Amino acid sequence: CFGFPLSIFFIIVNEFCERFSYYGMKAVLTLYLKHFLHWGDDFATAIYHTFVALCYLTPILGAIIADSWLGKFKTILYLSIIYTIGQVVLSVGSINELTGGSANNLSVNIALSMIGLVLIAFGTGGIKPCVSAFGGDQFEDGQERQKSTFFSLFYLAINAGSLLSTIITPIIRASQCGIHTKQECYPLAFGVPAILMAVALVVFVMGSKMYKKVKLQGNVMLDVSKCIGFAIKNRFRHRSKEFPKREHWLDWASEKYDKKLIAQTKMVLKVLFLYIPLPMFWAVFDQQGSRWTLQAASMNGDFVVNPILIVFMVPVVDSLVYPLIKKCKLNFTPLKKMTVGMFFAALAFVASALVQVQIDKTYPVFPAAGQTQIRLINLGAFPATIQFQPQLGSVDVGPKNDTGYMTFETSKLQSLHIISSTQNKTETLKLKDKNRYTLAFKWALTEINSNLTLDNITSKPDNGKSLIRFINNLGFPVNVTVDDIAFGRLDPFSISNYILGFFFFRSYTINASMPLANCLARSKKFGYGSAYTISLDNCITSRLSIEYFEDLPPNTVHMAWQIPQYFLLTCGEVLFSVTGLEFSYSQAPSNMKAVLQAGWLLSVAVGNIIVLIVAGTSAIQKQWAEYVLFAALLLVVCVIFAIMGSFYTYIDPNEIEAQFNKEEKEEDKKEQDDNEKEAEVDSRM
């Protein structure tokens, strides 16, 4: 079909569905670990990168199974079944009602979730080195151009699946579902990827009769390991100067292994040597799903960038940029492309550091050890002066106004004195260290009413949520609801608890109900990461008058500022990853392609382990400084890789293997001729 084997279209569709399944699940995994299983940021990040590392460690197992036991087709088939089961188990494990909806008893949810993730890791990891190599096997000699286009289409399918799933599954997660209690719909968010994985399995099976299935060549991984081991052992035995040196250290295996296997092993080791610096790229790249996700959670907006950019950039680079470079007669080799890709990724982390600096400037300052903060809200109709005792200064507060949070030494602030034109009141304070308080006050007929409340906020709300609470400034008790969210009964001048929710989507109906009437008002849209105290001031003809007091400002740095870092990282990904896939296949011997692909994917696992090590051992307190550290490390590695690449000589494995096959045939023919001559001599005798 258009010069391509028909079978590759089944492989590309299968890859699209499988990547939708993987990236859809992965898109909400960090948030699931944090918000559903109630794990902290650092532990959730550690589990996330451990899972990703396992996904890229298991390709070695998949490569061994594919190359020496089941073949690529059966390996993909059987491990896809395990993969699908894992997705289903994870989806079931995210059902809140498994333990009666209690957040304090999540042992069953945790167990099922971890089992599901392990099965997914073995499934997706096991098929990773097989699918692209299996697609490459479908082409005949002389179809290099079509094969190159296939790898671009293959990577395009990966990112198209990633794009759709990254958009769809977070929307599904944000919806509310549940039997007893409504909450974020993780069962469906994981269930849809499970369905797509089942579709991927069905599509792959449908093309089974069209696939070109390369004959197994034996346990190649074991043969290579034995060959290397024997060469090292034999070289050590003959380390004396009396033994002549050999051209390559692997040539010391020639006493036991044939020249073809030794030559193939040399090809593999040459490429694997180049892979040594690569994990640093993946250490940077895979932080999209952890550090950059957490960075986005502290920003304003809702964005999906990388998959959109990659879907756009792959055809642009493939059809415009590379041909233009070729016309300019620039020798832009695959290794040079990968080097430039690493440089772009380093620049991406410099950009993310600059964004993080701006985000840090917007964070509220919470009280440190030995400090407390207090905020005053004047709910009355007259101005007041508040004196902080003993002799800690004073502040004027206008009607329907507040002071913002003021910081004091906890041990020194003992009371405050409220002074108005007609009344005075002294409020004795017993404040706790490192806490925030709100003191609301107003004038009654004969006295000043006041209410000191512990705010109990120690950080900004994340995940795009907001906090709101109400203070009843009416003269009678009311029941307060926001749409279907109940804040409970509020007595006059009492303050409700904060409720966390997605209050930024739209305006909501605030209902203050009493025995004989309901008072209604429409809320404003609350900003990402904000907190508000809402005063219920008056009710006339069922219309509720309200006043907003900002406890925490909304996030002001928009997610659009992440576009430059995603653009740079996407450019790096196109140059590095697409090229790396093609380079790995083109430089691999015919019977070791899945093994070399596994080595490529192993570098991704090591990259995620690097993130765990740096994040776990680094004493860096500021996130922007950690971004700079990763950028600097990647730049150093980029220089090292460029130097290593300059010494690499590109080969054609098919040509080398053909030469060995020709020599083997000549030797066989010579041996046959010798045997015939001996037989002729014997017959004469």
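The values are calculated or read from the model by the stated rules, or taken from the named source; none is laboratory data. A quick note: this is a predicted structure, and the numbers were derived from the prediction, not measured. Cβ placement follows ideal geometry from the backbone for every residue including glycine, while neighbour counts extend to all protein chains displayed. In case anyone asks, the SASA skips ligands and DNA or RNA and just uses the protein heavy atoms, side chains included. Shrake-Rupley method; radii C 1.70, N 1.55, O 1.52, S 1.80 Å.
Figures for the structure shown
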| read-out | value |
| --- | --- |
| Relative contact order [Cα under 8 Å, 6+ residues apart], segment 365-455, whole percent | 34 |
| Cα shape, segment 42-124, gyration tensor, a/c 1.5 rule | oblate |
| Beta bridge orientation in segment 365-455: antiparallel %, DSSP, nearest 5 | 80 |
| Mean Cβ count within 10 Å, highest first, over the residues of peptides 34-41, 149-156, 518-525 | 149-156, 34-41, 518-525 |
| Relative contact order (percent, whole number), the chain, Cα cutoff 8 Å, 6+ residue spacing | 18 |
| Peptide ranges 237-244, 533-540 listed from the most packed, as the mean C-beta count within 10 angstrom indicates | 533-540, 237-244 |
| Unsatisfied cross-links (Cα-Cα over 28 Å) in the set 128/336; 26/226; 34/622; 425/524; 26/336 | 26/226; 425/524; 26/336 |
| Long-range HN-HN contacts of residue 530 with modeled amide H, under 5 Å | 467, 555 |
| Local electrostatic count at residue 448 - Lys and Arg +1, Asp and Glu -1, tallied over other residues with Cβ under 13 Å | 0 |
| Accessible area of residue 363 in the full protein assembly, 1.4 Å probe (Å², nearest 10) | 90 |
| Computed FRET value (nearest 0.05) for residue 619 with residue 652, which takes r as the C-beta separation and R₀ as 60 Å | 0.75 |
| Segment 601-628 versus segment 55-124: alpha-carbon centroid distance in Å | 25 |
| Spacing of the two label points (7 Å from each Cα toward its C-beta) at residue 385 and residue 411, in nm | 3.1 |
| Cα lying deepest toward the dipole's positive end in the chain, options 410, 52, 280, charges on Cβ | 410 |
| Surface share of carbon and sulfur [accessible, 1.4 angstrom probe, percent] for segment 391-546 | 48 |
| Computed accessible area, residue 206, all protein chains, 1.4 angstrom probe, square angstrom | 120 |
| Rounded Å value of the spacing that divides the Cα centres of segment 169-210 and segment 416-475 | 47 |
| Nearest-ten-degree value, helix 623-646 long axis tilted from longest Cα axis of the chain | 10 |
| Inter-site label distance for residue 362 and residue 240 at 7 Å from Cα along Cβ, in nm | 7.5 |
| Accessible area, probe 1.4 Å, largest first, for residues 385, 422 | 422, 385 |
| Cut-off under 5 Å, modelled amide H: who pairs with residue 389 long-range | 414, 415, 416, 417 |
| Rounded to 10°, Cα long-axis angle of helix 259-275 versus longest principal axis of the chain | 20 |
| Cα gyration tensor shape for segment 448-548, rounded if a/c is under 1.5, else prolate or oblate | oblate |
| Accessible area of segment 1-65 divided out per residue, in Å², using a probe of 1.4 angstrom | 32 |
| 5 angstrom amide H check on residue 500, placed H, neighbours 5+ away | none |
| Listed peptides 400-411, 188-199 by packing density, highest first (mean Cβ within 10 Å) | 188-199, 400-411 |
| Sites residue 212 and residue 273, calculated FRET efficiency, Cβ-Cβ separation with R0 30 Å, nearest 0.05 | 0.45 |
| Principal-axis tilt of helix 107-137 within the chain, Cα atoms, nearest 10 degrees | 40 |
| Spacing of the two label points (7 Å from each Cα toward its C-beta) at residue 69 and residue 401, in nm | 7.6 |
| Portion, in percent, of the accessible area of segment 1-218 that falls on carbon or sulfur, probe 1.4 Å | 70 |
| Size of electric dipole in the chain: Cβ of Lys, Arg +1 and of Asp, Glu -1, about Cα centre, debye, nearest 20 | 760 |
